[in-house]
Amino acid sequence: MRISLVIALCSLLASCLKNTDSFDKGPKAEMVIINYVVNNASFEYAFANLNITSVPVPFGSATSLPGALYTKYAAGTHEIRFSSGNNSTNHLVSLIAGKKYSLFIYDTLRNSGVRKLLLQDEILPVDTIAKGRFLQFVPGNDSLTIVFTKSNDSLALDQPYIGNLAITGSIIDFTIQFPPGVYEVKLKRKSRLLYQASFILLPGKVYSFISKGLVNGTGLYKETLTLLQHN
């Protein structure tokens with residue numbers, strides 16, 4: 001059984017982020033920032049003109065403090081800067097006090113910067129089931145299919161590249177409901193199997209299944225699946 005992705009991801013959440021205690025002492029929101037930019041770009045981040053990374057954050061990595069996915073930031077509208085080498089781009093983010101957010105930077109680094117997606121994570125756990133969502137960050141025109149199998153029951157979901165979606169709001173809900181247990185999870189492009197592993201999904205927990213990489217990519221950019229646990 002492969003459940004190593006959860007452990008591997010947690011190791012990526014530990015050392016990139018500086019302590020954010022110097023932010024405003026007022027109302028706070030919580031946010032995680034994840035780099036899915038696919039052209040060899042590692043990034044440093046600044047929030048409200050405060051550098052928040054101690055080292056550049058590589059592809060596929062998230063920033064957080066040890067032991068927690070989310071980090072607290074000052075609520076309100078603030079400028080966030082993504083820097084890679086001589087390239088730098090600024091974006092405004094609006095954070096509501098008491099809410100949780102996932103901020104994804106993705107696609108490719110160009111002179112005009114990177115694409116970003118800020119999602120408000122409505123984490124509403126249910127004691128008796130697990131909940132999840134599927135986010136597809138592999139650039140291209142093909143949809144990818146994720147297949148969940150537990151015993152004799154299967155659920156297949158198709159998702160196009162998130163950069164091709166017209167997302168009108170800031171929320172992609174955790175609408176997939178799972179009876180707790182061990183699931184075989186497959187990621188496919190049409191009939192081609194890209195990834196396969198088993199995961200234990202726990203009652204009351206909320207997850208994001210995230211595809212990343214490049215079509216026919218190798219090494220760091222091989223098409224694969226990451227699991228985030230939000231609570």
Exercise. Could you grab the pairs with beta carbons closer than 6 Å, sequence gap of 6+ or different chains, first residue in segment 75-103 and closer than 19 Å to N231 by Cα and touching a residue at least 12 places away in the same chain (Cβ under 8 Å), second one loosely packed, with under 15 Cβ neighbours inside 10 Å and aromatic (F, W, Y)?
Key: none
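When you go through G113, G85, G140 one by one, which is the residue that is touching a strand residue (DSSP E or B) at 6+ places or on another chain (Cβ under 6 Å) and either at positive phi or charged (D, E, K, R) (or both)?
Details: G85 fails: touching a strand residue (DSSP E or B) at 6+ places or on another chain (Cβ under 6 Å); G140 fails: touching a strand residue (DSSP E or B) at 6+ places or on another chain (Cβ under 6 Å).
Exactly one residue qualifies, and that residue is G113.
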Quiz item: Taking only pairs six or more apart or across chains, which ones have beta-carbon atoms under 9 Å, a first residue in segment 190-214 that is in contact (Cβ under 8 Å) with a residue 40 or more places away in the chain, and a second residue that is among the acidic types (D, E) and buried (at least 19 other Cβ atoms within 10 Å of the Cβ)?
Solution: L194/E223; V206/D121; S208/D121; S211/E223; K212/E223; G213/E223; L214/E223
Quiz item: What number of residues within segment 204-217 are surrounded by fewer than 15 Cβ atoms within 10 Å (Cβ to Cβ) and closer than 24 Å to I129 by Cβ?
Solution: 1
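Does Y70 satisfy being in contact with a strand residue (DSSP E or B) (Cβ under 8 Å, 6 or more places away or on another chain) and either in contact (Cβ under 8 Å) with a residue 40 or more places away in the chain or surrounded by fewer than 21 Cβ atoms within 10 Å (Cβ to Cβ) (or both)?
So Y70 fits the description; yes.
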Practice problem: Output the number of residues of segment 125-145 satisfying the condition of being farther than 14 Å from G163 by Cβ and outside any strand (DSSP E or B). | Solution: 5
Quiz item: Restricting segment 1-53 to residues that are modelled with pLDDT of 85 or more and among the small types (G, A, S), which is farthest from the chain's Cα centre (by Cα)?
Solution: G26
Exercise. Pick out the one residue from F134, F148 that is within 29 Å of L95 (Cβ to Cβ) and buried (at least 16 other Cβ atoms within 10 Å of the Cβ).
Key: F134
Quiz item: Taking segment 176-231 only, how many residues are among the charged types (D, E, K, R) and in a loop (DSSP other than H, G, I, E, B)?
Solution: 4
Exercise. State all residues of segment 82-114 that are over 14 Å from the mean Cα position of the chain (by Cα) and surrounded by 19 or more Cβ atoms within 10 Å (Cβ to Cβ); if no residue qualifies, say none.
Key: F82, S84, T89, V93, L95, L109, V114
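Tell me which residues, restricted to segment 107-124, are hydrophobic (A, V, I, L, M, F, W, C), modelled with pLDDT of 90 or more and either within 26 Å of E223 (Cα to Cα) or in a strand (DSSP E or B) (or both). Break it down into steps so the answer makes sense when it comes.
Restricting attention to segment 107-124, the residues satisfying the condition of being hydrophobic (A, V, I, L, M, F, W, C) are 109, 114, 117-119, 123-124.
Checking the rest, the ones that are also modelled with pLDDT of 90 or more come to 117-119, 123-124.
Result: L117, L118, L119.
The values are calculated or read from the model by the stated rules, or taken from the named source; none is laboratory data. Please read all numbers here as calculations on a predicted model, not as lab measurements. Note: ideal-geometry Cβ built from the backbone for every residue, glycine included; neighbour counts use all protein chains shown.
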